[in-house]
């Protein structure tokens, strides 16, 4: 449907990359729900089928991921890089991701954080996405030429676990306290039944979000870590400082 | 005038602290203009008359500061702490500043950055303002009891010189490229004629803002450093990432 | 009772400093319980009566602190420095604390962390305790001469809130999962009824300990931050690495 | 000899990785002696024959390494990755190391530190070992399936030279002052005769350990850097703080 | 001309590596001019023809680079690694660069900084050069044996953009204010006409150098970041501290 | 004596501040010798008589300090601030130190490092000296007006113990290997007989300098930490990089 002159322009889609079928949900699923509920399209790119995990078969994992994406209001595609627990940093991978960025043309891009002391696929994918965001705007990369160059608005990192939170970047905290948001996020995590069963993954994330929320003075919150300083038009958008204690 | 039901609520005032009569203007004057032009009240608290500077008498400095505040659209008051180049960190000072915070009831507070290797009054005032923002919301501080407690929305630091920019806080960049904003800021700096003459102060600030602007993809920009992570309601307000190169 | 030759020597007492009546309990009460239950004496020094807090009178606070100390198995004394929310860093204070160290002769000392962006009394007390631990072992400080010099074994910092956790010190995590430990700690926090009521303080601490515990692979854990690298006699005491995810 | 019911369980073996035949000895040989003398088995994995060094042939290096391992009480195996001065970070290497971890089933793992500004093989091997420790506990990595998953207790980094010591991790210091320990360590370093001759390697390490020892208040000490915060059961094992000056 | 016994020995040549044809000029061209004007030979190694850039053909880029090198008084060679925007970190590349170091036998080596959040080729080349400087002095690397080992005096990093400046290394600032130096540098940047046209590259660099100059109390200055602490024979060479404000 | 036209201008004097009678000698005595032997005047300002130390009377300490200064070729004066182990940070102290700076008019100033976890007098004196260097160049500080303003060339910090070395400043290393330099430095440390006897102070410093020397490829070296980046006229003075291993 063609927007009428008075309608608000649709926001550019959000593009989220995950190394494994459940990383986006566990790391920042609540943020995804918030965005899709306000009308932003969300697109997930999953770079393995979780075939090296201790639990769940690749086939199960794909079904769980699809179910979860529906709950979050996101579309989803799987791509092949080197396989779960086998990801190497190669320019060829970054170019593959850059092709997707040029195709989806997102405003915001989400990727796993660059902190090294976590599952090795996570920071490597984070690096590849960061590089891909640059390559997507360079005019002369021959593998990318068939699609027009694209500059994203902002790259933000999510942390799949608390260990993955960078300590020298100031995060932005997204309030995910609304009951329907929290419920959809929880359902999306539980949809990864093969993973959620083991080792308290869902409790880990909800405890983490509750702790952030208590500190921020709201119910639950999720931290995202910007790759570059945000440019704002005025202090009206600088947010409220999170310091309850 | 009583706002009509359809009118936007007036934003809470901005409160900026300066150790010397020209610190706010040189450090973040462009941001002040932007805010006052969109209808936010700005209040300056100047904690000395610049009596230890190499140039300008206290009387001149007061006149210059008043003229400059008018150009920026701000109100201004002088207070006495220990005098220029004599500021010590004392709880009594923080309580004095907290009293002002309770009186002005600002949303946003601006203070000089905490980086130590600069004019010693700057980081000390920064510390005092940070502490004052906390004391202002504690119910039992007896010196403050005659005014109701007040919790600000956000404390942001400005850097009077590039040396004062903290390196492990992600700044927010405010676009000050609009010609009238840039012009008012420049005029406000030049109003401090006794200081502007010496050592290229105005050029320093405009060069700095131009360099930030080139990097951010706009004309000129000023960096502010949040004391606490901002809580946002959605990614729609996360800003555009500043990465032009 | 005189220990028999075969008995284990009693460990040197633990000495914990708090700026306010509830800081030790909220920051590391679970650790105190663990130590007192294994026969280590614990001594608390509280440096104000919480008279600047939004809730509770000084008289109430003293009663609550005494009740709480009993629940943790600790002795408690109040001292006067500058009063709640009024603490300045003065050598005279450090000397006062050093006198207590020489009197109690502790092995382990606990103090609030040095991170600045928290209640201003906390990092200042942390600094004073750190300095006091040094002064206590210098032979020539005239105010201290009536008591023999004493060198402590280890100074560890606790963080009253998550904001106060230092990011570039590797913590040690103490497992506080045993039901009786967790229960005694919770009771000790709740004994500070005037504070616990407001702003979810007890939930904050239990959520924090649960998050640490989930990450460490135990039920609940509390992080302490050593002032100096520990010297170990062998790797048998290096502990298990906390990395569950 | 079969342990009697009352005997202490044997500690899980220590597994140390070295990029070159002398790295473990020079970086932390004194710690190895201490552990093997208290009955812990030590196993060395050497990932090249030192064929790119300025001095010594590969054949000599192998002989020296074997002799040195005997002096330290350790077993030793050589593996092939990319060769001396040719190590690249590849997942295939990490999987190879993970296989060894599953075979040896160590408690403690030692690896060269991750600091980049040293021999390039060192931090790369450190990264590979860190990743291998994770892969060893993931159930689904197909190359590893023939051996049961294994979770180590603690990964600690050693620094082959002072330049390799990380600055934002709190080390643990192991006291290696006992004359027989110091003597065995020195002999083990000197067993690498082709290397020890050049550039004062043995003196470098003994000077370094003496400086650590002087600071720690013992004769000689070696610093190890934990990958993850240690979980302790009580403060009784937190060690003595190393601060003699 | 043969130097007479009393003449000063010619300084060892400067060797600068660039990932793209214009990186050295934009990042530190003013420093090159200063050195070549005092009689030091400068040699550039360019590792791609800029074929992935949005503007300029490889053929144009080569012509521009040659013209620019002449203006700076430097010799220039192109080498092939993986191509523009395709550089991977491989030991084979480091060995290739080490061969050049052994051939040119420089005193000072310049390389792009290691900061990751910039064009991905830059930090990767920086890493490769750092490793190459080490490999060049190891006697046994078989691919390098036909040339005698060489130890450089100092490796310094330049930052192609302000984003690439490391924050925890103290830079040295080189004064490039002399009019002929500034003019030659500007001309060399403008010689890269295909790049200079777009996005204010020349203005970016001159603004940056002016800001450094204002802070340092000279006209313009360029920051270089040493890989290792400099060893000085006396404080007479420690330089003037850059602190004008 | 009037210098003849061909003579080299005498370098501006070096001014070193110490909190206690032996701090300068132990922290950087070798550097002092090097400078005085090349004709630079050195002036020491000692801010206490060491009256809180475990060993030595104030009278002894003064005699030792005078003897030691002679051995280093320096002049010495004692000043009163708050007394040993009693130093507070007060602007009045900084002004007192600034008066000395205006009187002595040094090129280089040396002060104890700002690292906090050491004797509390050390970092406080470091802060006071840093502030004093600024105040000395401000024209309007009324207590200083009777002496003309003075801008120093460089402020460098020394570390009395290894604990006091800052980790995020790149040091400059001064080669103190010449036998006569090393001998004079050792003699100057031993002149503080009351201190040298206890706790291996002289060995600590020589071990430290030897370790720096081994790493730097010379016999012994001392690290100094610049307060501001040095401005150099060319790379000819950038020093040799210290990386022997």
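A short reminder: the numbers here are calculations on the coordinates, not readings from a lab. For clarity, every value in this text was computed on a predicted model and none was experimentally measured. Every residue, glycine as well, gets a Cβ built from its backbone with ideal geometry; the counts of neighbours run over all protein chains shown.
So the values come out like this:
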| read-out | value |
| --- | --- |
| Shape category assigned to the range C:196-245 from the gyration tensor of Cα positions, a/c cut at 1.5 | oblate |
| Label point 7 Å beyond Cα along the C-beta direction, distances from residue D:177 to other copies (nm, shortest first) | 3.1, 3.7, 5.5, 5.5, 6.5 |
| Closest-to-axis residue of chain A (Cβ criterion, axis taking A to C), whole Å | A:167, 2 |
| Peptides E:198-207, D:139-148, E:122-131, C:18-27 ordered by average Cβ neighbours within 10 Å, highest first | C:18-27, E:122-131, E:198-207, D:139-148 |
| Mean-position separation - Cα centroids, the range E:175-230 and the range E:136-154, in angstrom | 33 |
| Average other protein chain Cβ within 10 Å of Cβ, residues E:207-214 | 6 |
| Order of F:158, D:138 under a 10 Å beta carbon neighbour criterion, fewest first | D:138, F:158 |
| For residues of F:80-93, the mean tally of beta carbons on other chains within 10 Å | 4 |
| Length-normalised contact order of the range B:79-199 in % [C-alpha pairs under 8 Å, at least 6 apart] | 27 |
| 222 nm mean residue ellipticity, helices alone, for the protein assembly as shown (DSSP H n ≥ 4; -39,500 (n - 2.57); rounded to 500) | -12000 deg cm²/dmol |
| Exposure proxy ranking, count of Cβ atoms within 10 Å, fewest first, for F:79, C:222 | F:79, C:222 |
| Separation between Cα centres of the range A:27-75 and the range C:20-65, rounded to whole Å | 46 |
| Nearest-first distances (nm) between copies at residue E:77, label 7 Å from Cα via Cβ | 4.4, 4.4, 6.1, 7.2, 7.7 |
| The range B:47-124: C-alpha gyration tensor shape, a/c 1.5 cut-off, then a/b vs b/c | oblate |
| Distances in nm from residue A:233 to the matching label points in the other copies, shortest first (labels 7 Å along Cα to Cβ) | 1.7, 5.3, 6.2, 6.2, 6.9 |
| Percentage relative contact order, chain F, counting C-alpha pairs under 8 Å, at least six apart | 22 |
| Relative exposure of A:70, B:31, judged by other C-beta atoms within 10 Å (fewest first) | A:70, B:31 |
| Rounded FRET efficiency, nearest 0.05, which uses the C-beta distance separating residue A:199 from residue D:180 and R0 of 60 Å | 0.85 |
| Value of relative contact order over the range F:190-229, rounded to a whole percent, pairs C-alpha under 8 Å and six or more apart | 23 |
| The protein assembly as shown: C-alpha gyration tensor shape, a/c 1.5 cut-off, then a/b vs b/c | rounded |
| Paramagnetic reach from residue A:63 in the range A:196-236 [backbone N under 20 Å; point 7 Å along Cα→Cβ] | A:196-198 |
| FRET efficiency estimate (nearest 0.05) - Cβ-Cβ, residue C:167 to residue E:236, R0 45 angstrom | 0.70 |
| Number of partner chain Cβ atoms within 10 Å, mean per residue of E:134-145 | 5 |
